[in-house]
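Worksheet: the structure to be examined is printed underneath.
The values are calculated or read from the model by the stated rules, or taken from the named source; none is laboratory data. Predicted model, so just to flag it, every value in this text is computed and none were measured. Here the Cβ positions follow ideal geometry from the backbone for every residue, glycine too, while neighbour counts run over all protein chains shown.
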Amino acid sequence: MARKSISLVERAPRGKTIELDLDLRVDGKCYLESVKISGDFFVYPSSAIDKLEESLKGCDSASCIEEAFTHVKDSKPLGFTWSWLKEIIMKIFHEHCTEYSTRTTKYHH
């Protein structure tokens, strides 16, 4: 079992800074063990970020990440878009997990 911690700071096209802290775990396959999203942005309702972080936890495929973002589709981010954030998380996932991401279910530990 291996773990990878990835910290990334990105500036959204609308100028807001997003900080991502992702912990990946490889235990037969690669999945998002935890996700923390912070920065100088606003989301209404503010609980949407917590909901997204929780929904991403355990994802081991692009389709799972896509599904997680459906849980926040009715909330309003200010300073970035959900599609932009999803693109960044997908890129990180693919760069570090491609060889392990063959299943489409969540890994529950």
Within the stretch 61-76, residues surrounded by 15 or more Cβ atoms within 10 Å (Cβ to Cβ), under 20 Å from residue 93 (Cβ atoms) and not acidic (Asp, Glu) come out as 61, 62, 64, 65, 68, 69, 72
Cβ pairs under 7 Å, 6+ apart or interchain, first in the stretch 53-75 and within 19 Å of residue 30 (Cα to Cα), second of a type in the set (S, T, N, Q) and in a helix (DSSP H, G or I), ordered by first then second residue, are 68/55
The condition of being within 14 Å of residue 86 (Cα to Cα) and touching an Asp or Glu at 6+ places or on another chain (Cβ under 9 Å) holds, among 55, 34, 7, only for 55
Here the residues within the stretch 13-48 that are among the aliphatic types (A, V, I, L, M) and farther than 19 Å from residue 62 by Cβ are 18, 43, 48
| Is it true that residue 81 is closer than 17 Å to residue 14 by Cβ, among the hydroxyl-bearing types (Ser, Thr, Tyr) and modelled with pLDDT of 90 or more? | yes
Selection over the stretch 2-60 where residues are under 15 Å from residue 96 (Cβ atoms) and loosely packed, with under 12 Cβ neighbours inside 10 Å yields a count of 4
